[in-house]
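Taking it in order: structure first as structure tokens, then the write-up.
The values are calculated or read from the model by the stated rules, or taken from the named source; none is laboratory data. This one's a predicted model, so the numbers in the text were calculated from it and none came from an experiment. Every residue, glycine among them, receives a Cβ derived from its backbone with ideal geometry; neighbour counts consider all protein chains shown. Note: accessible area is taken over every heavy atom of the protein model, side chains too, but ligands, DNA and RNA are not part of it. Shrake-Rupley method; radii C 1.70, N 1.55, O 1.52, S 1.80 Å.
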Amino acid sequence: MRWKGAIPFVVIVVGAGVVARIFMNRWVESGLEKAGEALVGARVEIDHLKLRPLRLSFEWARLQVTDPDQTMRNLIETGRAAFKMNPAALLRKRYVIEEMALEDVRHGTPRAYDGALPKRLRKPSAEPSFIDQLRAELRRELDALPIPEFDLEAISRRLNVDSLVAITGVQIVHRLDSVKTDLFATYENHHAFMSSFRPDEDLKRVGAELASIQPAQIRTVDELMATIEKVRNAQRTFQALEQTISERHRLVHADLARVFGYVPQVDDWVREDYQRLLQMAKMPDLAKPDLSRVLLGTTLGRQVDKVLGYVQLVQGLVPERGKREKVPKRERRKGRTIHYPSRYVYPSFLIKKMYLSGRAGSEAGGDLLRLAGEAKGITTQPWVYGRPTEIDLGVLQEGKLSGTFKAVLNHVAEAASDSFALSLTNKSLGGFPLPDSPYLPPRVQKGKADVRCVLQLKQRALLASMEVQAHDLDFHFPEGRPKDRFAAVTREVMAGLDKLKLQVDLARNERGLRFRVNSDLDDLLAGRLKSIAARELAQAQQRIMSTLHALRDQKLAEVHALQAQLRGQVVERIESYKQQADQLRAQFDAKLKELEAEAEKRKRAEEDKLKEKAKKALEGLVPKRP
Amino acid sequence: MVPLALASKVIKVLRSADSPAQVGWGFALGTIPGLTPLWTLHNAVVLLAVCIFNVNITAALLGWGLFSLFAWFLDPLFDAIGYHVLVKVPLLQPVWTWLYNAPIAPLTRFNNTVVMGSLLVALIALVPNYAAFRWFVQRFRQSWGQTIGSWKVAQVLRGNSIVQLYLKLRDFGG
């Protein structure tokens, strides 16, 4: 043993301690900044960090967290902060802060220089989170919103029915043309047959021949039998002819049923065309206008998107149990840290309670806004801590605005469940910009609003709603006349508007995204629009209907002419042949009966004669009995 | 000049007045910070041991430098051993859990796979390292030193003007 050897050891240890003491502040500051930058994705700066190892306390003069979306602004800037570490936890390598205070918290303060991270320091793009996907879906939904257009003059221009008909080609014309084509083809088909099929002469001749046969005048039975046979042969020939006539008759009537059957459908076709032309003319549906969504949807949707960005940021502060690495990744010479069940409620990092206070605006300017509240249970291992992270903030502007913000991030269980609630009373709307639209004023001149916003997030489902009740409203309209009548209507309606209720709903579940905007502005505008535009729209609709009726009548006249031609040249003739054929068939039947009756009569006469003859011959041969 | 300085140091250690056991223990203790990550609590204990025990400090530095090179290549092995011991042996789980919850112990980073794996290897190799280096010193002093000294290369090196200059400079001022 060389006890003197302890001296260099102590020298080394003390030297290391002195070096650490000199550089510790800078090292810890740099370490915290880097950790923060990895979390936020933009510069995080801590000014004048002081570490007092013996007291286990930290202190900094200022903290700036750059807004990753606007890198010339700070998302959060705080003033002095001081906190102490829990020594028992620190001995177990857990960084637990029992209480800390963040003073002078501000949001959106300008930065002296750009807070964007150099490309090499930016986080590689990880798999998009649920909120990333949700925001992308919402942006697609907003892009797909119809462009608001209520220009009645434009609608009137589109209602140049003739050009509309020329452009779109109404169906009634095509359909009646098809009927005509069908009718003409039917006529041609039957007419061609009838031109070559002339049975009337034969029918008349056969009829005359039949009439000339007088059974009584036929002298012998043989001649009678020969005549019967001749008539039967003629009947068979006639039956073939009659079959042709009957078949043609059936075909003609079947075709007639088809081509005449179109006519009752014509009115339905007109109605279909009418509906289609209304759609083509993009006439507004004044019964259910959904104007708020069309007019304000994009602006409100962007606000919701921004809120979702903040939600994502707050959510990222507390890791989710389901997303932690089951088996940590291996890095050369760094190894993997294995965690065991903790008997103490000491997660690796925990701020048990954080008091927040801040202000915005100035007392002199009369817009001083005070913010105060607390956050509990900010930790990197909520499943170890076993309690959700809670944020409870209040804002107050003397005699003007008051509000609360509450957030509960429950990442204790495998399935994270977060809820956020924002409530603002008397939020000033003075100068609030409205979307760039010819139908809306550029901004709200004055007014106040009570806002209630609730957002719930559980695994891959989100339910959010925002209710705005604006009152004491006054809108700023630009000088000059409105662009069109709808703009005049909106101006008139909004100028008389004192209160406005607005409800935005956003829901996302396994069935997809639903984004709705409801407002009493819809009913107000729709009512006014109906009274103004109803007569114009009715006239326009009448013009469409008249044009369609004219087209229908013109085409129907052509159809009727063809129908008449078909009737005159085909139907009447085939009916005549059929009638003649029917008569001739009856004539055949009658004549044959007559002939057969005559033959029967003569046969019986012959038999009687033969019987008499035989009787006489037998009388001489057979002796009479005594 | 670094290789020459190193060779000179090694030869100085081998020819020092310290016993082969002192040199061997110095070397063996130096292998621990060499194999394990430097900034760990157990290395402070090793440093204290090197300082207060009568071991050759130069040999310890030599062991540290030499085994630091090996550690880079053996890292995957250390990780695998550490992971196995920390995770795969159920018998040890209560021990690790107790240590994890005890004060100070977590500061040793015992629950890091590379720290645990390399420390285990270093501790297991401690006595063999000591024995091997002690044997090496004994053999060097008995025969290898003279044999190496008679090598042409050693003579040429000794006669080299640059080496002469270096040795003069090194020994300048005592």
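Label separation (A:A144 vs A:E606): 9.7 nm, computed from points 7 Å beyond Cα along the C-beta direction. On the basis of the beta-carbon distance and an R0 of 25 Å, B:F136 and A:R2 show a calculated FRET efficiency of 0.55. For the residue pairs A:K334/A:K458; A:K93/A:K406; A:K306/A:K427; A:K84/A:K376, the C-alpha atoms sit more than 27 angstrom apart in A:K334/A:K458; A:K93/A:K406.
For chain A, the mean residue ellipticity at 222 nm estimated from helices alone is -17000 deg cm²/dmol, where every DSSP H run of n ≥ 4 contributes -39500 (n - 2.57) and the total is divided by all residues, rounded to the nearest 500. Loop-located trypsin sites (Lys or Arg not before Pro) across the stretch A:332-387 with a Cβ neighbour count of 11 or fewer within 10 Å are A:R332, with loop assigned by DSSP.
With the simple spin-label model, which puts each label point 7 Å out from Cα in the Cβ direction, the A:Q217 to A:D177 separation comes to 6.5 nm. Of the residues A:I378, A:I97, the one with the largest accessible area comes first in the ranking A:I378, A:I97, computed with a 1.4 Å probe on protein heavy atoms. Among the trypsin sites (Lys or Arg not before Pro) within the stretch A:411-469, those in coil by DSSP and having at most 16 neighbouring Cβ atoms inside 10 Å are A:R460.
Backbone geometry of the stretch A:417-432 corresponds, through the Karplus equation with coefficients 6.51, -1.76 and 1.60 at θ = phi - 60°, to 3J(HN,Hα) couplings of 9, 10, 9, 10, 9, 10, 9, 10, 10, 6, 5, 6, 9, x, x, 5 Hz, x marking Gly and Pro. Sorted largest first by accessible area at a 1.4 angstrom probe radius, with every protein chain in place, the residues A:D273, A:D474, A:D505, A:D162 fall in the order A:D162, A:D474, A:D505, A:D273.
If only the Cβ of Lys and Arg carry +1 and only the Cβ of Asp and Glu carry -1, the dipole of the protein assembly as shown around its Cα centre is close to 4840 debye. Put simply, the amide H of A:R92, placed in the peptide plane, has neighbours under 5 Å in B:I104, leaving out anything fewer than 5 places away on its chain.
Free of any GluC sites (Glu not before Pro) that DSSP assigns to a loop and that have at most 12 other C-beta atoms within 10 Å, the longest stretch within chain A is A:1-324.
Both chains summed, the buried accessible area for B and A stands near 3100 Å², from protein heavy atoms and a 1.4 Å probe.
Karplus-derived 3J(HN,Hα) values for the stretch A:49-55, using 6.51 cos²θ - 1.76 cosθ + 1.60 with θ = phi - 60°, are 6, 10, 10, 10, x, 5, 9 Hz; glycine and proline are entered as x. For A:R62, the amide hydrogen comes within under 5 Å of the amide hydrogens of A:D47, counting only partners 5 or more places away or on other chains and with H modelled in the peptide plane.
Dipole of the stretch A:366-500 computed with +1 at Lys/Arg Cβ and -1 at Asp/Glu Cβ about the Cα centre; of A:G403, A:V384, A:A449, farthest Cα towards the positive end is A:A449.
Work out the P(r) tail for the protein assembly as shown: percent of alpha carbon pairs separated by more than 42 Å, whole number. That fraction is 65 percent.
Full extension of the segment from A:Q542 to A:A597, taken as 0.36 nm per residue of separation minus the current Cα-Cα distance, would add 12.2 nm. Couplings 3J(HN,Hα) for the stretch B:119-129, derived from phi with the Karplus relation 6.51 cos²θ - 1.76 cosθ + 1.60 (θ = phi - 60°), are 5, 4, 4, 5, 5, 5, 7, 4, 5, x, 5 Hz, where x marks Gly and Pro. Looking at the stretch A:66-135, which chymotrypsin sites (Phe, Trp or Tyr not before Pro) are in a loop (DSSP not H, G, I, E or B) and have at most 14 other Cβ atoms within 10 Å? Loop-located and lightly packed - A:Y113.
Note on A:M194 and A:F260: with the Förster distance fixed at 25 Å, the Cβ-Cβ geometry gives a FRET efficiency of about 0.85.
Among A:R552, A:R139, the order of accessible area from largest down is A:R139, A:R552, computed with a 1.4 Å probe on protein heavy atoms.
Spacing of the modelled spin labels on B:V89 and A:A360, each 7 Å from Cα toward Cβ, amounts to 5.8 nm. When chain A is described by a simple charge dipole with +1 on each Lys and Arg Cβ and -1 on each Asp and Glu Cβ, the residue from A:L393, A:A136, A:G361 located farthest towards its positive end is A:L393. Note on the protein assembly as shown: with neighbouring protein chains present and a 1.4 Å probe, carbon and sulfur make up 59 percent of its accessible heavy-atom surface. Estimate the FRET efficiency between A:Q469 and A:E98 by the formula 1/(1 + (r/R0)^6), using the beta-carbon distance for r and 56 Å for R0, to the nearest 0.05. Once rounded, the FRET efficiency stands at 0.85. By DSSP, the beta bridges lying fully in the protein assembly as shown are antiparallel in about 95 percent of cases. Comparing A:H249, A:V170, A:A372 along the charge dipole axis of chain A, the residue lying farthest to the positive side is A:A372, per the Cβ-charge model.
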